[in-house]
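The numbers here are math on the coordinates, done by the rules we state, and not lab data. Since the structure is predicted, the reported quantities are computational estimates derived from the model, not experimental observations. Positions of Cβ are backbone-derived with ideal geometry, glycine not excepted, and every protein chain shown enters the neighbour counts.
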Amino acid sequence: MSDKNKTATRCDKATHVCDKAQYKEATIWEKLKLNIHLIFCGTCRDYSKNNACLTSVIEKSKICCLDKACKESMKKQIDQAIKENDL
Amino acid sequence: MSKHTINPNKWVDLYADYLYNYTIARINDKDVAQDLVQDTFLAGLKSMKNFKGEASERTWLISILKRKIIDYYRKINSNKGKAEVRINYSEDSESDGDWLEERVADAFDKTAQDTMENEELGQAIHNCLSKLPKKQAEVFRLKTIEGHETEVICNELNITPSNLWVIIHRARTAMANCLKENWF
């Protein structure tokens, strides 16, 4: 494997661990390796920064969604209303 | 200019979350907010012929929702006695004699500006989310916003964990870029 390919695989792994870390699913060992990689990889550093930023922004917004059951019941009611009104 | 079309069958998938967030910022009650969103859809159905296609479907639905929210506040305020402001020095005898200063709201309470910013941010996130491919948006929503476990999502959508992480990665990259353009 050429040098270039090796770096690419490393970066792929690093971004994967970085993604997992956003959901607190990365192990300590993985995070340690990621941090070592970040020391010399600027691209991954940028990615990591943006990724963390996205997580904090979403947390800050306190965004919420309706759950699936609720949406299903809404759909049913709309369907029924469509039939009743014969639209 | 092409006219906007209307398609009630897709309303829930496309706008339910957006409308819900809009409502929850104004009425801090989950059940009421859900009901109002539902009412908005039904009212939208009834007045579908009035939809001229000048605004987008979402704008149109929001304008209905705004009326619903105003109506809701009118209704709770028209219950007798609720509209009047009652200032009692104290309702219970226990705190009798306490200083009024001790009853003022928490200084660390959220300011109005924070609330406003959060709401705008929520809308920006929804806008970005609606630009993602459907599958990516769904996985991102389940994982990041609703905070489900990886396993649960994999079972539900019938995908492998590595598949899920690839989708998450693409969605996160797209979301970060989109929010960078529209928010920061």
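Before moving on, here are some points about what is shown:
- Residues of region B:161-179 satisfying the condition of being closer than 23 Å to B:Lys131 by Cα and either acidic (Asp, Glu) or without any contact (Cβ under 8 Å) to a residue 24 or more places away in the chain (or both): B:Asn163, B:Trp165, B:Val166, B:His169, B:Thr173, B:Ala176, B:Asn177
- Test: residue in region B:150-160 that is within 21 Å of A:Lys62 (Cβ to Cβ), of a type in the set (A, V, I, L, M, F, W, C) and without any contact (Cβ under 8 Å) to a residue 40 or more places away in the chain: no
- Residue pairs whose Cβ atoms lie under 9 Å apart, sitting 6 or more positions apart in sequence or on different chains, and linking a residue in region B:132-145 that is closer than 13 Å to B:Glu156 by Cβ to a partner that is of a type in the set (Phe, Trp, Tyr), are B:Lys143/A:Tyr23.
- Candidate set from region A:22-61 (those that are away from chain B (no Cβ under 12 Å) and touching a Leu at 6+ places or on another chain (Cβ under 8 Å)); member that is surrounded by the fewest Cβ atoms within 10 Å (Cβ to Cβ): A:Arg45
- Residues in region A:28-87 that are closer than 26 Å to B:Val139 by Cβ, outside any helix (DSSP H, G or I) and not β-branched (Val, Ile, Thr): A:Lys62, A:Cys64, A:Cys65, A:Leu66, A:Asp67.
- Taking region A:62-87 as the range and being on the phi > 0 side of the Ramachandran plot and either more than 7 Å from every other protein chain (Cβ to nearest Cβ) or touching a His at 6+ places or on another chain (Cβ under 6 Å) (or both) as the test, only A:Asp86 passes.
- Of all residues making up region B:174-184, the number that are more than 16 Å from A:Glu59 (Cβ to Cβ) and either at the interface with chain A (Cβ under 8 Å from one of its Cβ atoms) or touching a Lys or Arg at 6+ places or on another chain (Cβ under 8 Å) (or both): 3
- Listing of helices (runs of 4 or more DSSP H) fully contained in region B:108-184 that carry 2 or more residues being in contact with a Ser or Thr (Cβ under 8 Å, 6 or more places away or on another chain): B:112-131, B:161-182
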